[in-house]
Amino acid sequence: MKSTDNEKAVSHTSIFEKQLLHKKIVAQSTLKQRKAKLKKLLGAIEITYRKEIQKALFDDFGKSPAEVDLSEIYAVTGEIKYALRNLKYWMRDQAVSTKLAFIGSSSKIKYEPKGNVLIIAPWNFPINLSICPLISAIAAGNTVILKPSEHTVHASALIKRMLNDLFEEAEVAVIEGGIDVSTGLLKLPFNHIFFTGSPEIGKIVMRAAAENLASVTLELGGKSPTIVDETADVAAAAKKIMWGKFLNAGQICIAPDYVSVHRSQVNAFIAASKKTLLDFFGEDTANSLDYTKIVNDQHHLRLNSYLEDAKSKGAKIVHGGASDLTTHSFEPTLVTEVTADTDLMQKEIFGPILPIIVFEDIHEVIDTINSKEKPLALYIYSSSQKKINHILKNTSSGGVCINNNDLHFYNHELPFGGINNSGMGNSHGKFGFMAFSNERGIYRQHIPGAVEWLMPPYSQLKQKLINLTIKWF
Ligand code: NAD
């Protein structure tokens, strides 16, 4: 029997209440206990469930096992291993200096868990983008309700089964469902909400969080520009861009969204890109086991309409373009002569279509980037340090890769996140741990301090001391 909306909401509230009661125990968990949970998760992803994860993602959108290994399994196991190596340093109180005027005191930062947290995940890397924030939340000592995406049903069901096997519901619970479930969860007074998805839904999440003054991490999307200038190694650039763009059939938040290529390099870039695509996926991408499908009808139709809109405004398809709604196959597609007023240049593409824009002067490219929302990532292919510096100085983005794309995601030492429309707050490594922690500033007085000399009544002598304090400390 199907449960009604009301029954679902009651059961979600009761899970939340269980976690509310349990949060103190989880918050006070030791380094050893948190590492034990992470090791359990590592064993499950790396060994016990690896084959099932590969199968689920193949069933959801035809993703190849090798690609699942690289972009889902390795992303998660790398994050866990890094956390296991570093958690003892992250959890430690951090001593900070105290100014001389406060002599006789000391200061430190204590990282305390935020408490009860909600993670809402998207469909495009359903394991990676559900489990990586979960790792940070567990490392920081929080209870978690995780809501995976309703669009990848096999992955979502598997995440639920796996986490049910590994954890008590009072510490980690998975609640499956779509917008109605998400909306219900957002009404609960979580201490922190970690959302990965589109900027449009990010706004809804932030509005809901405001009702409870819950803090938020928003990992959003947008148009990540890529630049290939006149000094770039064009063949190497084309190979890396084709990989970064057409991995997961372009359904990646940090995929190169469009590429601006210097006029002197454009013919070589197109030729090298076409050759790379044939080398990667062969002639028949619809039947290539190495090339992912589009996730559902809605996204397939959206991508086709972007292409039709661009064609109607004069764009030329120089590679690919064919697609099949029944199988959700969509060829890797390169498009030139794309005008600024097309959907392809106005909206996040999030699929296997790459507009190639020709430029003569880098300022045209910089102006285009700055006329749009701040992107999640910016990719620069150049061998001129001066030009790289100039682009960095005159633009803003969540992250940057120079002479590569997408790989900043895999370096746990770097904060991963966007800015404004592409997100706020960061994930990965210590940055993820901090997203789920309250940095509690603790000041301690050890012996009577000089500040007491500055308390009322304010005599002339005290005023002189105040003046000295302002001048020297
Ligand atoms: P989405 O915003 O449609 O959905 C994300 C999650 O929000 C899902 O779990 C969904 O159920 C939930 N949701 C949808 N509508 C909702 C509503 N009205 N109220 C409450 N919850 C709602 O995103 P998507 O289609 O799953 O993913 C694609 C988007 O995510 C792209 O914009 C992409 O760039 C972005 N993304 C960002 C990152 C990142 O790390 N920055 C990673 C992956 C995807």
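The values are calculated or read from the model by the stated rules, or taken from the named source; none is laboratory data. This one's a predicted model, so the numbers in the text were calculated from it and none came from an experiment. Note: ideal-geometry Cβ built from the backbone for every residue, glycine included; neighbour counts use all protein chains shown. Heavy atoms of the whole protein, side chains included, go into the accessibility calculation; ligands, DNA and RNA do not. Shrake-Rupley method; radii C 1.70, N 1.55, O 1.52, S 1.80 Å.
Annotations for the structure displayed:
- Filter result for V335 (assigned by TED's automatic domain parsing to the domain that holds P256 and open to solvent by 40 Å² or more (accessible area, probe 1.4 Å)): no
- Condition check for I179: farther than 21 Å from G432 by Cα, within 9 Å of the ligand (Cβ to nearest atom) and loosely packed, with under 14 Cβ neighbours inside 10 Å: yes
Every residue, every condition in (1) at pLDDT 95 or above; (2) in a helix (DSSP H, G or I); (3) within 30 Å of F195 (Cβ to Cβ), yes or no:
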| site | (1), (2), (3) |
| --- | --- |
| G418 | yes, no, yes |
| F431 | yes, yes, yes |
| M434 | yes, yes, yes |
| N438 | yes, no, yes |
| G441 | yes, no, yes |
| I447 | no, no, no |
| Y458 | yes, no, no |
| I466 | no, yes, no |
| I470 | no, yes, no |
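- Restricting attention to the stretch 299-332, the residues being among the acidic types (D, E) and buried (at least 18 other Cβ atoms within 10 Å of the Cβ) number 1.
- Residue in the stretch 164-172 that is among the charged types (D, E, K, R), within 12 Å of the ligand (Cβ to nearest atom) and at pLDDT 95 or above present: no
- Candidates S198, S224: the one that is under 26 Å from P375 (Cα atoms) and touching a Leu at 6+ places or on another chain (Cβ under 6 Å) is S224.
- Test: Q33 is among the polar types (S, T, N, Q) and closer than 27 Å to A140 by Cα: yes
- Only a single item in (1) more than 16 Å from the chain's Cα centre (by Cα); (2) more than 14 Å from Y379 (Cα to Cα); (3) in contact (Cβ under 8 Å) with a residue 40 or more places away in the chain is not met by A271, and it is number (3).
- Any hit, the stretch 333-341, residues being within 16 Å of the ligand (Cβ to nearest atom) and under 26 Å from I201 (Cβ atoms): no
- Within the stretch 315-341, residues that are closer than 17 Å to F269 by Cβ reach partners that are open to solvent by 60 Å² or more (accessible area, probe 1.4 Å) and among the basic types (K, R) with beta carbons closer than 6 Å, at six or more positions or on different chains, in the pairs H319/K274; T336/K316; E337/K316.
- Only listed residue being basic (K, R) and either surrounded by 17 or more Cβ atoms within 10 Å (Cβ to Cβ) or free of Cβ contacts under 8 Å to residues at least 24 places away in the same chain (or both), chosen from K374, K347: K374
- Search result, residues across the stretch 1-39 that are buried (at least 16 other Cβ atoms within 10 Å of the Cβ) and hydroxyl-bearing (S, T, Y): S29
- The number of residues in the stretch 1-44 that are within 18 Å of R85 (Cβ to Cβ) and either in a helix (DSSP H, G or I) or of a type in the set (G, A, S) (or both) comes to 13.
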